[in-house]
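Taking it in order: structure first as structure tokens, then the write-up.
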Amino acid sequence: MIDPVLDRIKSVVGPKGWLADPADVEPHLIEQRGLWHGSTELVVRPDSTVEVAAVVSLCAEARLPIVPQGGNTGLCGGGVPDGRSIVLDTTRLSRIRAIDPANFTLTAEAGCVLADIQRAAEEADRLFPLSLGAEGSCRIGGNISTNAGGIQVLRYGTTRDLVLGLEVVLPDGRVWNGLRTLRKDNTGYDLKQLFIGAEGTLGIVTAATLRLFPRPVDIATAFLGLAKIEDVMALFARARAATGDQLTAFELIPRIGLEFAQRHVPGVTDPLEAACPFYALVEISSPVAAGLAALLERLLGDALEAGLITDGAIATSEAQRRDLWRIREGMVEAQRHEGGSIKHDVSVPVASVAGFIREATAAVTTRLPGIRPVPFGHVGDGNIHFNLSQPEGADRAGFLARWSEFNDIVHGIVARHGGSISAEHGIGRLKRDEIARYKAPLELELMARVKRALDPHGIMNPGKVLPNTALAAAEERR
């Protein structure tokens with residue numbers, strides 16, 4: 001019987017620590033894209049690591065699966081519960097435990113909203129550079145569990161590079177306190193890296209010590225028009241060489257993305273006089289006054305003389321800078337108003353970005369004339385969001401039913417270019433079985449053996465990340 005276990009869990013977290021009313025539970029059963037609708041026995045909302053550990057201990061004893069969930073902003077179904085399980089909602093773990101400006105560190109609990117962490121760092125005259133579209137609602141625990149990327153990976157790295165230490169509740173209920181603030185610790189395996197990107201399949205992250213950086217005071221931003229994707233990547237090479245570590249972001253925006261944003265997002269306008277097939281949103285920054293506007297002007301003048309850009313606009317105020325970024329951010333939201341969208345979060349070596357986009361665009365348009373590819377994203381680090389909007393007037397459900405078909409096309413091209421089928425969104429349920437086609441069997445076996453070692457009863461977020469075939473193969477070798 002499961003009811004006695006649920007009653008014991010409820011007693012641990014108290015009356016404010018659980019949800020059972022269907023209306024309250026419903027938001028925890030869905031995911032952003034509407035691809036799945038789950039079910040759960042109970043939503044648990046502990047407000048301390050001690051309570052998380054107690055809940056996990058009870059679940060371990062009863063072999064009751066646990067699905068960790070934060071802001072539920074994931075895009076691969078990693079937080080969707082399925083069947084006999086509980087959802088462990090971390091949003092009440094929302095305290096910033098410590099800020100050390102001298103050591104450039106901040107320790108936050110897993111349920112802290114990313115934007116709140118950014119603000120806390122700014123109030124201490126520091127920068128926490130992880131920045132993405134959902135930062136007003138996503139939680140740092142989820143960012144860690146998916147190894148989130150965002151717009152500043154080029155300069156500061158992914159979440160994996162921003163975490164110095166973790167506190168984790170293990171699948172048996174014990175707490176590993178690895179909240180270290182050291183930059184150097186060469187005393188064996190770097191255990192925190194096991195849990196970053198694991199999507200809650202190895203344990204529940206309850207707190208993290210994060211790296212901070214000097215806050216930028218000089219920022220220069222430009223929106224540039226280019227004739228072809230090869231010119232975009234040639235411009236990136238020039239910008240990287242001319243600005244070095246000051247290059248903070250380099251974002252690709254296709255013409256169709258700008259048109260979508262103009263059509264559906266209030267306040268978005270085209271900053272250039274003539275339409276261009278591609279645009280680059282370029283930003284450089286420095287923690288000291290460095291004359292970056294003049295540097296950016298020289299870079300663009302050289303690029304214009306070399307024929308790489310056809311037009312450009314440099315922001316001369318913070319308001320203009322925000323307007324330029326609104327194009328990039330609004331493009332994502334605008335796609336929802338253009339019908340069904342089959343999305344791909346992929347990465348290839350930077351040298352292969354142009355070739356991949358050309359090849360993939362040709363392949364999908366050949367397969368379905370009228371399909372509208374929207375390749376955009378963080379091309380400076382090789383991450384392309386290769387989204388496919390349905391043909392105008394097409395049936396949405398019929399188009400989305402071809403998701404696997406277009407996955408095969410796009411992911412096959414990614415593999416030929418030596419890339420990855422998941423750059424920053426994780427695996428979850430969406431790509432769980434897909435990775436079996438693109439990762440070496442030994443890699444999957446090693447992943448499954450780690451899973452079995454830490455979670456022998458398979459209660460931590462089952463059905464996510466690892467294909468069942470890999471788990472079965474690892475079991476046979478025991």
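Computed from the coordinates by the stated procedures, all read-outs in this text should not be read as laboratory data. These numbers were taken from a predicted model, which means no experiment stands behind them. No Cβ is skipped: glycine too gets one built from the backbone with ideal geometry, and neighbour counts run over all protein chains shown.
Take peptides 171-184, 33-46 and line them up by average Cβ neighbours within 10 Å, highest first, as a rough protection proxy. Display every interim value, and only then the final one.
On the way: 171-184: 14.9, 33-46: 18.4.
Result, highest mean Cβ count within 10 Å first: 33-46, 171-184.
Among the GluC sites (Glu not before Pro) in the range 413-446, which ones are in a DSSP loop with at most 12 other Cβ atoms within 10 Å of the Cβ? Mind listing them?
Working: sites: Glu424, Glu434, Glu443, Glu445; in loops: Glu424.
Listed in order of number, the matching sites amount to none.
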Can you tell me the order of 95-101, 326-332 when each peptide is scored by its average per-residue count of other Cβ atoms within 10 angstrom, highest first? 326-332, 95-101
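Can you sort Phe278, Phe104 from fewest to most other Cβ atoms within 10 Å of each residue's own Cβ? Present the calculation step by step, with values, prior to reporting the outcome.
Working: Phe278 24, Phe104 20.
Final ranking by Cβ density, sparse to dense: Phe104, Phe278.
Tell me the Kirkwood hydrodynamic radius of the chain in angstroms, computed as one over the mean inverse distance between distinct C-alpha pairs.
Working: mean 1/r = 0.0425 Å⁻¹.
Over the chain, the inverse of the mean reciprocal pair distance is 23.5 Å.
Short version: what are the Cα gyration tensor semi-axes of the range 3-89, square root of 5 times each eigenvalue, largest first, in whole Å? Walk me through the numbers on the way to the answer.
Details: eigenvalues 91, 31, 30 Å².
Semi-axes from the Cα gyration tensor: 21, 13, 12 Å.
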For the range 384-390, 3J(HN,Hα) per residue [Karplus equation, 6.51 cos²θ - 1.76 cosθ + 1.60, θ = phi - 60°, Hz, x = Gly/Pro]: 10, 8, 9, 8, 10, 7, 4
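Taking neighbour Cβ counts within 10 Å as the exposure measure, how do Cys138, Cys112 sort from fewest upward? If you can, show how the numbers build up before the last one.
Working: Cys138 22, Cys112 26.
Fewest to most other Cβ atoms nearby, the residues stand as Cys138, Cys112.
For the range 218-336, what does the equivalent ellipsoid look like in terms of its semi-axes, each the square root of 5 times an eigenvalue of the Cα gyration tensor, given largest first in whole Å?
Numbers: eigenvalues 103, 57, 27 Å².
Over the Cα atoms of the range 218-336, the semi-axes work out to 23, 17, 12 Å.
What pairs in Lys228/Lys431; Lys343/Lys439; Lys431/Lys451; Lys343/Lys431; Lys184/Lys431; Lys184/Lys464 have C-alpha atoms more than 23 Å from each other? Spell out each step's value before the answer.
Working: Lys228/Lys431 31 Å; Lys343/Lys439 20 Å; Lys431/Lys451 18 Å; Lys343/Lys431 12 Å; Lys184/Lys431 34 Å; Lys184/Lys464 32 Å.
With Cα atoms farther than 23 Å apart: Lys228/Lys431; Lys184/Lys431; Lys184/Lys464.
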